[in-house]
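Please read the structure below before turning to the comments.
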Amino acid sequence: MKLVTAIIKPFKLDDVRDALSEVGVQGVTVTEVKGFGRQKGHTELYRGAEYVVDFLPKVKIEVAIEAATLERVVEAIIKAARTDKIGDGKIFVFDLEQVYRIRTGETGKDAL
């Protein structure tokens, strides 16, 4: 089992969700986060004063999947989230040791 974590631009969330549904992903956890990478934020003008926005709004998507579907899931996220501009995001893949479904007590891939 794998845990796929993707950090993407907020306006791409619906596209990524739809792409994940198409490859059979049933559950997704979404968190609004802030951060920066190579783009290092930007400056904005507010009421005549210029200020620096260091942390940009992002969305973190977490998906627990079977290892066999990893490549399809990663490809779906990349295809849906890509804008070919700086700040498109990153995907992290972790080994998932165990999963428990609280309601039924199921474990492992049955709990996904």
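The values are calculated or read from the model by the stated rules, or taken from the named source; none is laboratory data. Please read these numbers as outputs of a predicted model, since none were measured by experiment. Using ideal geometry, Cβ is built from the backbone for each residue, glycine included, and neighbour counts are taken over all protein chains shown. Accessible surface areas use protein heavy atoms only, side chains included; no ligands, DNA or RNA. Shrake-Rupley method; radii C 1.70, N 1.55, O 1.52, S 1.80 Å.
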- Query: Once amide H atoms are built 1.01 Å from N in the peptide plane, which residues 5 or more positions from VAL53, or in another chain, come under 5 Å H to H?
  - Reply: HIS42, THR43, GLU44
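THR31 to THR5: extension gain in nm, 0.36 nm per residue of separation minus the Cα-Cα distance?
The span from THR31 to THR5 would gain 8.3 nm if fully extended.
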- Task: Give me the angle, in degrees from 0 to 90, between the Cα long axis of helix 70-81 and the longest principal axis of the Cα atoms of the chain, rounded to the nearest 10.
- Result: 30
- With each pseudo-label sitting 7 Å past Cα toward Cβ, what's the LYS85-ASP110 distance in nm, one decimal? 4.8
- Can you tell me the accessible area per residue over segment 1-109, all protein chains present, probe 1.4 angstrom, in square angstrom? 72
- Using the alpha-carbon atoms, what tilt in degrees (0 to 90, nearest 10) does helix 13-22 show relative to the longest principal axis of the chain? 20
- Message: Counting only protein heavy atoms and a 1.4 Å probe, tell me what percentage of the chain's accessible area is made up of carbon and sulfur.
- Response: 50
- Task: May I ask for the net charge around LYS85, where only other residues with Cβ less than 13 Å from the Cβ of LYS85 are counted and Lys, Arg are +1 while Asp, Glu are -1?
- Result: +2
- Task: Quickly estimate the mean residue ellipticity at 222 nm for the chain, helices only: each DSSP H run with n ≥ 4 gives -39500 (n - 2.57), and the total goes over all residues, rounded to 500.
- Result: -6000 deg cm²/dmol
- Which whole-number percent gives the relative contact order of the chain, counting Cα pairs below 8 Å spaced six or more residues apart? 42
- Cα-based Lys pair tally, the chain, threshold under 15 Å, eight or more apart or on separate chains: 22
